[in-house]
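First comes the structure, then the notes that go with it.
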Amino acid sequence: MAFDFDLHAVSPELILTLTACIVLVADLFLPEDGKWLAMPLSAAGLFGSLAAIVSLWGRDSVTLAGTFEVDTFALVFKGLFCVIGLVILSISLNYFRVGHLPEGEYYFLMLSSLLGGFVIASSRDLIGTFIAIELISIPAFVMTGLRKRDARSNEAALKFFLFGVLSSAVMLYGMSLIYGITGETNLAAINDALSQRAEESIVILGVFFVIVGFAFKISAVPFHFWAPDTYEGAPSPVAAFLSTASKIGGFVGLLVLMFVAFPAVADAWRPAFAVLAALTMTVGNLIALRQRHIIRLLAYSGIAQSGYILVCFALISPGNIEASRQAFQSAVIYLSIYGLMDAGAFAAAVAFGRRGGSYFIDDYTGLWQRNPALAVMLAGFLLSLAGTPPMAGMWAKVFVFLATIEAEVYWLAIVMGINAVIAAWYYLAVVKRMFFEAPAPEMEGEVEVPYLMRTALGAVTLVLVAAFVFLPVVSDLAERSTWF
């Protein structure tokens, strides 16, 4: 096969790579009081990558010997990674400067991890997918432990590293089995080869190991136990990154593998995803009910949100193309909206926590009186996570629910409905504290939010409201992202 290279197709990745290198080199020469300049450099690189993504819109191309594909699906998620990266940057600047934490290396690591997200969205090869998921994960291990003198941060980083390495080993073993069976690394070729051997035990075992490896990455129950401690111990912007960009990267890789490489084996792995989805939703929501720390609440909430997305994987059926298409579109919509609303919730929590560094839910009591704008925006993000109007999170859950009904998996739709009610309880409990209870005397006084944070929070809020109002735009984008 002749090797081809389309420079324009890989331009977002090249720009982000160049930016990461510039940030790394600049950090070596900048004085201590100028390290913060790494942040605007990183933001400029993300804007440049976003411009390259826009320039590729409407274009479908395959390069690098068929291993790298640029289509609407890839561009949507690359754009989402850019937006999430910009939101995380907006809450990182003040956090790292006030905390006297390393800045240049943090921004370099974050850009490197985002680069993994870019690659996994376009990779159509088993080796490329594995390298991309590791590129997402390995910088995240280091970012988690940047508070070097904090025992909780060290513990969080160690847990994340150990479980991350274990999951990578399990995933790689499954991929090696698939390669040994098919002799192929191209995902479409793998599907063709497996279509004749779908019922063989070794095939099912290989796919099972791949699913288990990704289940760790997306914190699906029972592979979730690292996530809450890691989120709480990591610097808060890093926790926001792990819960959004890192997790979405895992889901994008899983979508590509399940829908491109393994649909011929869907009858074998569909029940496993149904069980994973039900467990993840239920366990995440029930434990979230008892949380008193906002980061841990968002961590368990994020686990439950993973369960809703996993429902889409349980609906794939080679014999029902329409149900499979609707499930795929629902996953794209949910991931896109989830990335924004969860990043917004973390950003609002960090904006409040920077005043005294408190993240306990009790301290959010009476926030409406201390900063009405922050209270309204945080309430909006929580309502979106709960799936209530007027935020786009409602459509995310509705699409998945309708896809479940279309596929006639009624018991999973019932589980999802019950869990949505449970989730609404703890989200609305925080909203109630902010708006209908008075703050404690020691917590009185205005909460100031830096301009950059306010801008990012306001922009994300407007996007979520606009996505709720202009639903056809969202659904049309998801439909264009579908391969079949």
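The values are calculated or read from the model by the stated rules, or taken from the named source; none is laboratory data. Quick caveat, the model's predicted, so the values are computed rather than measured. Using ideal geometry, Cβ is built from the backbone for each residue, glycine included, and neighbour counts are taken over all protein chains shown.
Applying the criterion of being within 15 Å of Arg270 (Cβ to Cβ) and of a type in the set (A, V, I, L, M) to the residues of the range 197-213, the residue that is modelled with the lowest pLDDT is Ala198. Any residue that is in contact with a strand residue (DSSP E or B) (Cβ under 8 Å, 6 or more places away or on another chain), loosely packed, with under 15 Cβ neighbours inside 10 Å, in a loop (DSSP other than H, G, I, E, B) and not acidic (Asp, Glu) - is there at least one of those in the range 40-59? Checked against the condition, which is being in contact with a strand residue (DSSP E or B) (Cβ under 8 Å, 6 or more places away or on another chain), loosely packed, with under 15 Cβ neighbours inside 10 Å, in a loop (DSSP other than H, G, I, E, B) and not acidic (Asp, Glu), the range 40-59 yields at least one hit. For the range 114-124, the count of residues that are of a type in the set (D, E, K, R) and either closer than 21 Å to Ala43 by Cβ or out of contact with any Gly (no Cβ under 8 Å at 6 or more places or on another chain) (or both) is zero. Taking residues in the range 457-468 that are part of a helix (DSSP H, G or I), and partners anywhere that are β-branched (Val, Ile, Thr), the pairs with Cβ atoms closer than 6 Å and at least 6 places apart or on different chains are Ala467/Val474.
One residue stands out among those in the range 326-383 that are polar (S, T, N, Q) and within 20 Å of Ala440 (Cα to Cα): the one that is surrounded by the fewest Cβ atoms within 10 Å (Cβ to Cβ), which is Ser358. Can you find a residue in the range 67-85 that is at pLDDT below 95, more than 18 Å from Gly249 (Cβ to Cβ), surrounded by fewer than 24 Cβ atoms within 10 Å (Cβ to Cβ) and of a type in the set (Phe, Trp, Tyr)? So far as the range 67-85 goes, no, none of its residues is at pLDDT below 95, more than 18 Å from Gly249 (Cβ to Cβ), surrounded by fewer than 24 Cβ atoms within 10 Å (Cβ to Cβ) and of a type in the set (Phe, Trp, Tyr). Among the conditions (1) closer than 18 Å to Tyr308 by Cβ; (2) under 25 Å from the mean Cα position of the chain (by Cα), Glu406 misses just one, which is (2).
Screening the range 280-338 for residues that are basic (Lys, Arg) and in contact with an Asp or Glu (Cβ under 8 Å, 6 or more places away or on another chain) and picking the one that is nearest to Glu406 (Cα to Cα) gives Arg296. Taking the range 245-285 as the range and being under 12 Å from Ser219 (Cα atoms) and hydroxyl-bearing (Ser, Thr, Tyr) as the test, the residues that pass are Ser246, Thr280. Within the option set Phe251, Phe216, Phe241, being surrounded by fewer than 24 Cβ atoms within 10 Å (Cβ to Cβ) and under 19 Å from Leu335 (Cβ atoms) holds for one residue only, Phe216. Scanning the range 18-35 for residues that are modelled with pLDDT of 85 or more and crowded, with 17+ Cβ neighbours inside 10 Å returns Thr19, Ala20, Ile22, Val23, Leu24, Ala26, Asp27.
Test Phe381 against the stated conditions and say whether it is in contact with a Leu (Cβ under 9 Å, 6 or more places away or on another chain) and either assigned to a helix (DSSP H, G or I) or hydrophobic (A, V, I, L, M, F, W, C) (or both). So Phe381 passes the test.
Of all the listed residues (Trp483, Trp411), the sole one being surrounded by fewer than 19 Cβ atoms within 10 Å (Cβ to Cβ) and at pLDDT 85 or above is Trp411.
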